[in-house]
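Below is one structure, written out as structure tokens; comments come after it.
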Amino acid sequence: MSTITNHMPTEELQALDAAHHMHPFTCNGELAQKGARVITRADGVTLTDSEGNQILDAMAGLWCVNIGYGRDELADVAARQMRELPYYNTFFQTTHRPAIELAQKIAELAPGDLNNVFFAGSGSEANDTNLRMVRHYWALKGKPSKSIIISRKNAYHGSTVASGSLGGMSAMHEQGGMPIPDIHHINQPNWWAEGGDTSPEAFGLAKAQELEKAILELGEDRVAAFIAEPVQGAGGVIVPPDSYWPEIQRICDKYEILLIADEVICGFGRTGEWFGSQTVNIRPDIMTIAKGLSSGYSPIGGSIVSDEVASVIATGEFNHGYTYSGHPVAAAVALENLRILEEEDVLGHVQNVAAPYLKEQWESLLDHPLVGEAKIVGMMGSIALTPNKETRAAFAADAGTVGYICRERCFANNLVMRHVGDRMIISPPLVIKLEEIDLLIARARTSLDECYARLKEDGLLQSA
Ligand SMILES: *Cc1c(COP(=O)(O)O)cnc(C)c1O
């Protein structure tokens, strides 16, 4: 087998990277001093860097490599498709087999009357599509004033202007003139951080009812849609209390507000079902998909649209689309990924083997002095680091200081576990084996111990 390897020393690669490559969501000045870690190969759940370290990737890349790394089938399909038809557009009354087959397959997998797919190159692009589509839908129905989309603080819906505006990341809104008009943010159902003395159930209900309050304040005739992740991912794997989603569904139904489920992380097995909407039992009108759709092997995203919305949109020309909407190579790769998920019963592995074991092991971390809560849904989990479990206190240091120290310990121990503020999060490939879960937990424990020792030494264990 021919292999692609780096023949340049790590420092040379790092110097070139620092000289020419602007990294996303990164302080590039700081990274240039430190040097980026150069990843050279990957197989299963394991990354290899240019120094030969074997790193357990408990984030599946960026929540996307659901079937794991190193599946030759996807490479073969991509090569075959590139030879046969590397590109053609779907704008001018033309189509091709990979886009047709993929749309049909997605319609088959998606619940209810979600039978129509509008393709994009990414999750961000798909949410841009959604924003325009729901506004256009209401305009076509004779209600053009229904243009406001309600979203949530600390949501992540992407990084383009529209999707970044839909998201509720204040750090993103501080730069570049976001959010754009007619997007309204309500609070998130983050009981650990914001629940105070209320019970999780009462808190979940109260946060859902903020949607109703917002609709009444803004005016029913002004609100087009509500968008949310079934389980918030980039916000820190925030699992809503059980009371939350039924109330949201009730409110959307009552006021005829379209429900957009952003399934970019939750979709394709992450929560144990094909879609997170099935796990939390909601009936969205539109789903955003990307990431696990192709297990990250090829950039592709899209919107799965209900028959009702699609039939209204179909009455005229929708002046929207991307050069790479339904790209044949990306579509063929996604199809092969879905074939593997289905034929190898990856969801069965998640439901019966991996998720129950990961839950047990993940929750065992609760006995660590730093860990205040451990949450997990299917194969996405988080722990809250705290100086005081009883009061759910935050650290006196700036939010994220402790999380960053913990993440650096993980990285040093060959474990990719991310931090969001002072929450640590995981989202491993769905195909992870039990002994790899053991390794993940062992490395997480070592890293937590080292982090704890550091905090003690540096006097960082004070509560805010
Ligand atoms: C990653 C993500 C997006 C954006 O997807 P990109 O492919 O990075 O544009 C949107 N929504 C959610 C929930 C995500 O996690």
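The values are calculated or read from the model by the stated rules, or taken from the named source; none is laboratory data. If you're wondering where the values come from, they're calculated on a predicted model, not measured in any experiment. When we count neighbours, we look across all protein chains shown, and the Cβ atoms used for this are built from the backbone with ideal geometry, even at glycine. All accessible areas refer to the heavy atoms of the entire protein, side chains included, with ligands and DNA or RNA removed. Shrake-Rupley method; radii C 1.70, N 1.55, O 1.52, S 1.80 Å.
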Completion exercise
Cβ pairs under 8 Å, 6+ apart or interchain, first in region 28-53 and more than 21 Å from Val431 (Cα to Cα) and without any contact (Cβ under 8 Å) to a residue 40 or more places away in the chain, second basic (Lys, Arg) and open to solvent by 40 Å² or more (accessible area, probe 1.4 Å), ordered by first then second residue, are Asp49/Arg37
Problem - Neighbours by Cβ (under 8 Å, 6+ apart or cross-chain): first from region 184-196, free of Cβ contacts under 8 Å to residues at least 40 places away in the same chain and assigned to a strand (DSSP E or B); second open to solvent by less than 50 Å² (accessible area, probe 1.4 Å) and hydroxyl-bearing (Ser, Thr, Tyr) - result: His184/Ser151; His185/Ser151; Ile186/Ser151
Exercise for the section: Name every residue in region 54-72 that is touching a residue at least 40 places away in the same chain (Cβ under 8 Å), among the charged types (D, E, K, R) and not in a loop (DSSP other than H, G, I, E, B), in order of residue number. Expected result: Asp57
Completion exercise
For strands (runs of 3 or more DSSP E) lying entirely in region 209-296, having 2 or more residues that are without any contact (Cβ under 8 Å) to a residue 60 or more places away in the chain picks out 258-262
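Which of the residues belonging to region 407-464 are of a type in the set (Lys, Arg), open to solvent by 60 Å² or more (accessible area, probe 1.4 Å) and in a helix (DSSP H, G or I)? Full working, then the answer.
Within region 407-464, the subset of a type in the set (Lys, Arg) is 407, 409, 418, 423, 433, 443, 445, 454, 456.
Subset that is open to solvent by 60 Å² or more (accessible area, probe 1.4 Å): 407, 409, 418, 433, 445, 454, 456.
Result: Arg407, Arg409, Arg445, Arg454, Lys456.
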Fill in the blank from the handout: Checked pairs for region 122-140, first without any contact (Cβ under 8 Å) to a residue 24 or more places away in the chain, second outside any helix (DSSP H, G or I) and within 16 Å of the ligand (Cβ to nearest atom), C-beta under 8 Å and 6 or more apart or across chains, list as none
Exercise for the section: Kindly list, by first and then second residue, each pair from a residue in region 339-359 that is of a type in the set (D, E, K, R) to a residue that is outside any helix (DSSP H, G or I), limited to pairs with Cβ atoms under 6 Å and residues at least 6 apart or on different chains. Expected result: Lys359/Ile376
Handout entry: Boolean, Val353 is open to solvent by 40 Å² or more (accessible area, probe 1.4 Å), on the phi < 0 side of the Ramachandran plot and more than 21 Å from the chain's Cα centre (by Cα)
Key = yes
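Counting only residues that are within 13 Å of the ligand (Cβ to nearest atom) and of a type outside the set (A, V, I, L, M), which one in region 240-265 is surrounded by the fewest Cβ atoms within 10 Å (Cβ to Cβ)?
First pass over region 240-265, keeping only residues within 13 Å of the ligand (Cβ to nearest atom): 260-265.
Now restrict to residues that are of a type outside the set (A, V, I, L, M): 262-263.
Numbers: Asp262: 32, Glu263: 30.
Ranking the qualifying residues of region 240-265, first place goes to Glu263.
Could you grab me the full set of residues in region 266-318 that are polar (S, T, N, Q), touching a helix residue (DSSP H, G or I) at 6+ places or on another chain (Cβ under 7 Å) and open to solvent by 30 Å² or more (accessible area, probe 1.4 Å)?
Filtering region 266-318 for residues polar (S, T, N, Q) gives 271, 277-279, 281, 288, 294-295, 298, 303, 306, 311, 315.
Imposing the further condition that a residue be touching a helix residue (DSSP H, G or I) at 6+ places or on another chain (Cβ under 7 Å) reduces the set to 271, 281, 288, 294-295, 298, 303, 315.
Within region 266-318, Asn281, Thr315 meet the criteria.
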Problem - Selection within region 65-101 - closer than 17 Å to Glu336 by Cβ, open to solvent by 20 Å² or more (accessible area, probe 1.4 Å) and in contact with a Gly (Cβ under 8 Å, 6 or more places away or on another chain) - result: Tyr69, Gly70
Completion exercise
Sole miss for Ala331 among (1) more than 15 Å from the ligand (Cβ to nearest atom); (2) surrounded by fewer than 23 Cβ atoms within 10 Å (Cβ to Cβ); (3) within 18 Å of Lys105 (Cβ to Cβ) is condition (2)
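For Tyr137, indicate whether it is of a type in the set (Phe, Trp, Tyr) and open to solvent by less than 50 Å² (accessible area, probe 1.4 Å). Please lay out each step first, then the result.
On the way: of a type in the set (Phe, Trp, Tyr): yes; open to solvent by less than 50 Å² (accessible area, probe 1.4 Å): yes.
Considered against the rule, which asks whether it is of a type in the set (Phe, Trp, Tyr) and open to solvent by less than 50 Å² (accessible area, probe 1.4 Å), Tyr137 comes out as yes.
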